[in-house]
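Undergrad: If you scroll down you'll find the structure; I have some questions about it.
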Amino acid sequence: MVRGLYTAWTGMANEQKRLDIISNNLANAATVGYKQDNVTTQSFDDVLTIKIKDASELYHERPIGKMNLGVKLGEVYTNFEQGSLRETGNTFDIALEGKGFFQVAVANNNGNEQIFYTRDGSFTMTHEGNIVDMNGNRLIGEGGNISVPVDASDIVIDRDGSVYADGVLVDKILITDFEDYNYLKKYGENMYSMVEGGTQIPAEASVHQGFTEQSNVNVVSEMVNMIAITRAYEANQKVIQTVDSTLDQAVNSVGKV
């Protein structure tokens, strides 16, 4: 019976983690460039149970079967599928169609910059002419941080990422892809850093000026999953309540006999 309590608890803990991930997906359903997270579930390895110190068996130990200790969380992974493109008409809003990531320079508290990767193309231009994201992180081009003349009246970004100011080529947006996305670590909601062992490859994505890529979260599907998780959580709760009631009977009623 005590094992039943443990098994039900592992189920509740697993469903709680799944619910946390789905809640975060729903909270970022409108976040530009957000990629949906998911989690796999697996059972603990079966263990062999053995009867010991049983007088009816002449105190010989013998196997009596397999026992499973419940469920555990598997791998939390990110779904990198393409999100829909939404037209904004803003000059510095750019979206990627196909595989690839923008590079942005993010400064830490010490002022040192680190390169992160994102699909969030909501950029703007500062008073100095730098192209930055909503947090002020600079967009990286082949020549470094991309900067355009502040007095330019016509900014055009081609499908290959080339940036023109009044017909003059200023820079080309650096777009990067990776051989294996398992080497990307999520940073915040829609940024990623490459961990040791990752390999960069040329990107095949095309650039669309005046568009942004929306989140790839399917709200209806996530709501359905949330309902299923809630029911599974409640089922495990009832198991614990039932086992607790049985233990109460065993201690307070049977023990009196």
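The values are calculated or read from the model by the stated rules, or taken from the named source; none is laboratory data. Everything numeric here is computed off the predicted structure, so don't read it as measured data. A quick note on method: Cβ atoms are made from the backbone with ideal geometry, for glycine too, and the neighbour counts reach across all protein chains shown.
Undergrad: With respect to Thr88, determine if the residue is under 25 Å from Asp151 (Cβ atoms) and free of Cβ contacts under 8 Å to residues at least 40 places away in the same chain.
TA: So Thr88 fails the test.
Undergrad: Check whether at least one residue in the range 183-194 is farther than 22 Å from Lys35 by Cβ and touching a residue at least 12 places away in the same chain (Cβ under 8 Å), and report yes or no.
TA: no
Undergrad: Give the residues of the range 155-173 that are of a type outside the set (Ser, Thr, Tyr) and either in a strand (DSSP E or B) or modelled with pLDDT of 95 or more (or both), sorted by residue number.
TA: The answer is Ile155, Val156, Ile157, Val163, Ala165, Val168, Leu169, Val170, Asp171, Lys172, Ile173.
Undergrad: Give me the residue from the range 225-257 that is acidic (Asp, Glu) and out of contact with any helix residue (DSSP H, G or I) (no Cβ under 8 Å at 6 or more places or on another chain) and, out of that set, farthest from Gly98 (Cα to Cα).
TA: So, considering only residues that are acidic (Asp, Glu) and out of contact with any helix residue (DSSP H, G or I) (no Cβ under 8 Å at 6 or more places or on another chain), the one farthest from Gly98 (Cα to Cα) is Asp248.
Undergrad: Whether any residue in the range 186-200 is of a type in the set (Lys, Arg) and either at pLDDT 95 or above or loosely packed, with under 13 Cβ neighbours inside 10 Å (or both) is what I want to check.
TA: No - not one qualifying residue is present in the range 186-200.
Undergrad: When you scan the range 158-182, how many residues do you find that are of a type in the set (Gly, Ala, Ser) and closer than 17 Å to Gly33 by Cβ?
TA: So the answer is 1.
Undergrad: May I ask you to say which residue of Ile94, Ile131 is assigned to a strand (DSSP E or B), farther than 25 Å from Asn25 by Cβ, at pLDDT 90 or above and not assigned by TED's automatic domain parsing to the domain that holds Trp9?
TA: Ile131
Undergrad: Only one residue in Phe101, Phe80 is at pLDDT 80 or above, in contact with a helix residue (DSSP H, G or I) (Cβ under 8 Å, 6 or more places away or on another chain) and either under 18 Å from Tyr187 (Cα atoms) or of a type in the set (S, T, N, Q) (or both), so which one is that?
TA: The match here is Phe80.
Undergrad: Can you name the residue in the range 25-39 that is in a loop (DSSP other than H, G, I, E, B) and touching a helix residue (DSSP H, G or I) at 6+ places or on another chain (Cβ under 9 Å) and, of all such residues, is surrounded by the fewest Cβ atoms within 10 Å (Cβ to Cβ)?
TA: Ala29
Undergrad: In the set Glu222, Glu213, which member is in contact with an Asp or Glu (Cβ under 9 Å, 6 or more places away or on another chain), among the acidic types (Asp, Glu) and under 30 Å from Phe101 (Cβ atoms)?
TA: The match here is Glu213.
Undergrad: Let me ask another. Of all residues in the range 113-129, how many are without any contact (Cβ under 8 Å) to a residue 40 or more places away in the chain and more than 14 Å from Ser193 (Cβ to Cβ)?
TA: Counting residues in the range 113-129 that are without any contact (Cβ under 8 Å) to a residue 40 or more places away in the chain and more than 14 Å from Ser193 (Cβ to Cβ) gives 7.
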